[in-house]
Amino acid sequence: MVMKELELLYEKALGPVFGNKLCIIHESDDFATIILDGQQEDFYFTLYGAKHVRLYWCNECFIFDELRNSLVSSDTYGEIVFEGKVEAESLPPIIVELVLQLKDCTYISKKETIKGKIPSGYDSIRDYVIQARTKDPFKSAYRLENILIEYTVNPL
């Protein structure tokens, strides 16, 4: 999948939700940034080709990378690393769903639990529990492989 196709796919999926706050910055044939909150720029993701995405939300970074087992601890320190399979065709729906889960929420906390090592031994495999604040009393916990997002309702 080429970058322009990916950009159109994300625009079609997220444009109706984010409206004029959605901004796609095409940097090159293998690099683009998709801003979801307009000029605030606290909620966005960067595409590094079709098989590597970094999603930024409330100063937290989610890493999705086909070459996850090549990453080392200095690449992933403090970040939330997806341990599921990353493929060009399956990654966009995963990113869109996570974006929709995080929309209108704010970060409270993150707990990491080490589960083992990647094959090289240079990084740890972790489970994450993320606490997020929402105004939606019907929002239920969301799991994405090794990432669990739990919601706390914060009324107006």
* Structure fact -> Of the residues 93, 114, 46, the Cα lying farthest along the dipole of the chain towards its positive end, which is defined by charges on the beta carbon of Lys, Arg, Asp and Glu, belongs to 114
* Asked: Any idea what the dipole of the range 1-60 comes to, in debye rounded to 20, about its Cα centre with Lys/Arg Cβ at +1 and Asp/Glu Cβ at -1?
  -> 160 debye
* Structure fact -> To the nearest Å², the heavy-atom accessible area per residue of the chain with 1.4 Å probe amounts to 55 Å²
* Give me the Kirkwood hydrodynamic radius of the range 103-153, using the inverse of the mean 1/r over all pairs of distinct Cα atoms, in Å to one decimal. => 12.1 Å
* Mind listing the phi-derived Karplus ³J(HN,Hα) values for the range 70-78, rounded to whole Hz, using 6.51, -1.76 and 1.60 with θ = phi - 60°, and x for any glycine or proline? -> 8, 6, 10, 4, 5, 6, 10, 3, x
* Structure fact -> Over the chain, the sum of -39500 (n - 2.57) across DSSP H runs of at least four, divided by residue number and rounded to 500 deg cm²/dmol, gives at 222 nm -6000 deg cm²/dmol
* Give the carbon-plus-sulfur fraction of the accessible surface of the chain in %, rounded to a whole number; probe 1.4 Å, heavy atoms of protein chains only. => 50 percent
* Asked: In the range 53-80, which residues have a backbone nitrogen under 14 Å from the label point lying 7 Å from residue 125's Cα in the Cα-to-Cβ direction?
  -> 68-70
* Net charge dipole size for the range 1-123 [Lys, Arg +1 and Asp, Glu -1 on Cβ; Debye, nearest 20] -> 360 debye
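The values are calculated or read from the model by the stated rules, or taken from the named source; none is laboratory data. In this text, all values refer to a predicted model and were calculated from it rather than measured experimentally. Cβ sites come from the backbone with ideal geometry, for glycine too, and all protein chains shown count toward neighbours. SASA here: full protein model, heavy atoms, side chains in, ligands and nucleic acids out. Shrake-Rupley method; radii C 1.70, N 1.55, O 1.52, S 1.80 Å.
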